[in-house]
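This report concerns only the one structure given below.
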Amino acid sequence: MPTTNNRNAKKEQILNVALKLFSQQGFHATTTKEIAAESGVAEGLIFYHFGDKRKLLLYLVDNFSFVTQLQEDADELSKLPAEEALFQYGLAYLGFLRTNMDYLMLIWSPELIRDAEVSNEVSRLIEGFGTAGSGILKQAAGSKHQPEHTVQVAMTMMTSSILVYCMLHSRFRQEALPLGDESYIRELVRLLMHGFYEGS
């Protein structure tokens, strides 16, 4: 009888292979038979764990989150000065994006952009990114209270900028933005905290 650890390992293998194949070939072009073959499992195991291919996709989309990683790092970040905490948040977010490029390619693929259910999950995910970092930004503001929508816009600017930087860098390497990761994120945090004209 398979152990729980073995079942979980097989489920993880299915998820990893499905993510890779969905991002490389597209969701509709990938079959459960291909996922099973590359995962080294029986096709029925996919149906046992997930029900069908669409539910497998939705599970992948729903269970992907930077927020979990950030919650693990929250204690350490809260001990840092606000600008350094934002910088470390930005570096962690960039590292997370780079580690999960297959996921990014999948959720921004043309076939899934048109999928309302997936788009709702992606919207929730993006909102989670902003919410996770907003506590750091509020700490940075200190006594200068900012309306919640202003904090959300600022975090959306930061996370969106890092996402675009990651995508440009993965496609064009250094030619896209000659600044290194740390310099880029430090400059982004400086602009976010102090504005464009203060450093000029």
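Going through segment 149-162 one residue at a time, which ones are surrounded by fewer than 16 Cβ atoms within 10 Å (Cβ to Cβ) and either at pLDDT below 80 or in contact with a Lys or Arg (Cβ under 8 Å, 6 or more places away or on another chain) (or both)?
none
Of the conditions (1) open to solvent by 50 Å² or more (accessible area, probe 1.4 Å); (2) modelled with pLDDT under 75, PRO110 satisfies every one except a single condition; which number is it?
Only one criterion in (1) open to solvent by 50 Å² or more (accessible area, probe 1.4 Å); (2) modelled with pLDDT under 75 is unmet by PRO110, namely (2).
For every residue, the table says whether it meets (1) closer than 30 Å to TYR184 by Cα; (2) at pLDDT 85 or above; (3) exposed (fewer than 13 other Cβ atoms within 10 Å of the Cβ).
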{"position": "LYS33", "(1), (2), (3)": "no, yes, yes"}
{"position": "HIS49", "(1), (2), (3)": "no, yes, no"}
{"position": "LYS53", "(1), (2), (3)": "no, yes, no"}
{"position": "TYR59", "(1), (2), (3)": "no, yes, no"}
{"position": "LEU86", "(1), (2), (3)": "yes, yes, no"}
{"position": "MET101", "(1), (2), (3)": "yes, yes, no"}
{"position": "VAL118", "(1), (2), (3)": "no, yes, no"}
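If you check GLY142, GLY128, GLY133, which single one turns out to be more than 18 Å from ILE185 (Cα to Cα), modelled with pLDDT under 80 and under 15 Å from the mean Cα position of the chain (by Cα)?
On the way: GLY142 fails: under 15 Å from the mean Cα position of the chain (by Cα); GLY133 fails: more than 18 Å from ILE185 (Cα to Cα).
None of the others qualify; the one that does is GLY128.
What's the number of the condition ASN63 fails, among (1) open to solvent by less than 70 Å² (accessible area, probe 1.4 Å); (2) more than 19 Å from GLU111 (Cα to Cα)?
(1)
What number goes with the only condition from (1) over 20 Å from the mean Cα position of the chain (by Cα); (2) assigned to a helix (DSSP H, G or I) that LEU179 does not pass?
Looking at each condition in turn, LEU179 falls short on (2).
Yes or no: SER65 touching a Gly at 6+ places or on another chain (Cβ under 7 Å), small (Gly, Ala, Ser) and at pLDDT below 90? Write out each step before concluding.
Details: touching a Gly at 6+ places or on another chain (Cβ under 7 Å): yes; small (Gly, Ala, Ser): yes; at pLDDT below 90: yes.
Spelling it out, SER65 is indeed touching a Gly at 6+ places or on another chain (Cβ under 7 Å), small (Gly, Ala, Ser) and at pLDDT below 90.
The values are calculated or read from the model by the stated rules, or taken from the named source; none is laboratory data. Since the structure is predicted, the reported quantities are computational estimates derived from the model, not experimental observations. Virtual Cβ from ideal backbone geometry, glycine too; neighbours counted across all protein chains shown. What goes into the accessible areas is simple: the full protein's heavy atoms, side chains included, and nothing from ligands, DNA or RNA. Shrake-Rupley method; radii C 1.70, N 1.55, O 1.52, S 1.80 Å.
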